[in-house]
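Nothing in this text is a laboratory measurement; each read-out follows from the coordinates by a stated rule. Remember, it's a predicted structure, so these values are computed and weren't measured experimentally. Neighbour counts are summed over all protein chains in view; Cβ atoms, including those assigned to glycine, are modelled from backbone coordinates with ideal geometry.
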Amino acid sequence: MDGHLSENDISHVVDADRAHVWHHLIQHKPFETGEPRVIIEGKGMRVWDQHGKEFLDAVSGGVWTVNVGYGREEIANAVRDQLVKLNYFAGSAGSVPGALFSEKLISKMPGMTRVYYCNSGSEANEKAFKMIRQIAHKRYGGKKTKILYRERDYHGGTIGTMSAGGQDERVMQYGPLTPHFVRVPHCMEYRAQAEWDPASESYGEFAANQIEEVILREGPDTVGGLCLEPVTAGGGVIPPPEGYWQRVQEICRKYDVLLHIDEVVCGIGRTGTHWFGYQHYGIEPDFVTMAKGVASGYAAIACCVTTERVFEMFKDEPEDPLNYFRDISTFGGCTAGPAAALENMRIIEDEGLLENTAKMGDRMLGNLQALMEKHKVVGDVRGKGLFLGAELVADRATKEPVSEKQIAQVVAECGAQGVIIGATNRSVPGLNNVLCFSPALIATPDDIDQITKAVDVALTRVFG
Ligand code: PLP
């Protein structure tokens, strides 16, 4: 840390934070006696807190965001240059970075053609839901308004996206939610549903076929969209089982259901080799939403990307003034987002970070598999690229989860060693037992080994 702030400044910041900031995701009772964590600075894979303690960040800013690492002057300069030229104009007009970033993005997304700008993952998902609903009204006489979502998936914190929330603990106490969102079962083989008969079909086919069953139960003429994460994130880091996506695509085509892929976590390189998670599985989506890694947190930006087929449905029809997509996102007109996003993509390309992510992801998965051999509390390890999880169980045979307190202890023990890891949190009742890892795409072999070494030590300290 290069120490711009004096000790007095820092203690003022901590006091102001404690007195006035309502932090995300956590309870505040501990701050009555202890201190909130304040991150003062970051560089590369590392951050420093108010005490000058250095941490290796294994979760890219806590929530899968800082894909190219901290302290990127190239991005800061690109944003600054853009801001002094033009900081904002409403999205009813175009902007230079908006046009150039959309061109660049679309060049990496065969089959997609249109980018709708907004600010957050939740908002991008809401845009897709609105488009699906409007299509239902325009084309299907107000039918096909139902949107399917999957158990364990998460799509945001607004009332609309919570209605598509597959993690019950995030939704409880915020109802009533909005109608016409319908849940389909999860696709996690490690906790396969009892009805699955491995002799008759693969788990992937079984899980996808359950979506068809829901469509048939609800009535195919009432279902307009299906929203899925390519790899479930906060619900337990769940890569899809073999054969799942092919069948999902077939089902969507068969019943004329628009496929909406939520790439808010997976997008822009997180899963390695490809820019997007869905591109590993040969899927042709109708909507792709993205946010976190798009500009690595250097500016707020989210996008809802669609095909020309979808876009065409909203083209002018002079006799119908309500035909077009009547929506705005004020800060979707900020130019800082696409300016940062363009530079973010350039860095990923120039530094070969898609390839690095695949390589480092393999290394990390291998390290986690070794931990599984050593610690019987590790029941399963899984992931794609630098997006990995380790599920901790008290008993491998019954798969009974360890307690949330024990998971918190493992996270704290890693923190004590200077490594920030994550864990599923307030997600699936009774199953918040997955350690989460998502280092920046710039991670080196030493970084990866330092992370898994810290986990090894933490597991020994907590479980013996
Ligand atoms: N979709 C997924 C898969 C997410 O993990 C998240 C946030 O964690 C969101 C959507 C919501 O994004 P935001 O917090 O930017 O609204």
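Using R0 = 51 Å, the C-beta based FRET efficiency linking I328 and Q369 works out to 0.60. Legend: Rg and Dmax of the stretch 315-414, from Cα coordinates, 23.0, 69 Å.
Suppose a student asked you for the relative contact order of the chain, using Cα pairs under 8 Å spaced at least 6 residues apart; what percent would you report?
On the way: 897 pairs, mean separation 94.8, N = 464.
Answer for the chain is 20 percent.
Sequence-ordered 3J(HN,Hα) estimates for the stretch 235-245 from the Karplus curve with 6.51, -1.76 and 1.60 and θ = phi - 60° stand at x, x, 6, 10, x, x, x, 3, x, 5, 5 Hz, glycine and proline given as x. Less than 5 angstrom separates the built amide H of F181 from those of I147, all sequence-distant by 5 or more or on a different chain. For a quick check of your reading of the filter: which GluC sites (Glu not before Pro) in the stretch 223-270 sit in a DSSP loop and have no more than 16 other Cβ atoms within 10 Å? Passing sites in the stretch 223-270 are E242. Dividing the C-alpha radius of gyration of the chain by 2.2 N^0.38 Å, with N its residue count, gives 0.98. Counting other Cβ atoms within 10 Å as a rough exposure proxy, the listed residues I407, I106 run I106, I407 from fewest neighbours to most. Between Y116 and C304, V305, T306, the built amide H atoms are under 5 Å apart, and every one of these is 5 or more places off in sequence or on another chain.
Counting neighbouring Cβ atoms within 10 Å and putting the fewest first, the residues E413, E126, E349 line up as E349, E413, E126.
Rg/Rh for the stretch 13-130: what does it come to with C-alpha atoms and Rh from Kirkwood?
Working: Rg = 18.8 Å, Rh = 18.0 Å.
Taking Rh as the inverse mean 1/r over Cα pairs, Rg/Rh reads 1.04.
Inter-part distance, the stretch 82-109 to the stretch 274-327, computed on C-alpha centroids, equals 15 Å.
Restricting to DSSP loop positions (anything but H, G, I, E, B) with no more than 15 other Cβ atoms inside 10 Å of their own Cβ, which chymotrypsin sites (Phe, Trp or Tyr not before Pro) remain in the stretch 77-172? Before the final figure, lay out the partial values.
On the way: sites: Y88, F89, F101, Y116, Y117, F129, Y140, Y149, Y154; in loops: F89, Y140, Y154.
Within the stretch 77-172, the qualifying chymotrypsin sites (Phe, Trp or Tyr not before Pro) (loop, at most 15 other Cβ atoms within 10 Å) are F89, Y140.
The H on the amide N of V66, modeled in the peptide plane, is under 5 Å from the matching H of G61, each at least 5 residues off or on a different chain.
A full extension of the chain between H28 and R426 corresponds to an added length of 141.7 nm, given 0.36 nm per residue minus the alpha carbon distance. What separates the Cα centres of the stretch 337-412 and the stretch 246-264 is a distance of 27 Å.
What do you get for chymotrypsin sites (Phe, Trp or Tyr not before Pro) in the stretch 319-352 restricted to DSSP loop and a cutoff of at most 13 other Cβ within 10 Å of the site's Cβ? Please report the intermediate quantities before stating the final value.
Values: sites: Y324, F325, F331; in loops: Y324, F325.
Answer in residue order: Y324.
Taking the number of Cβ atoms within 10 Å of each Cβ as an exposure proxy, the fewest-first ranking of W64, W48 is W48, W64.
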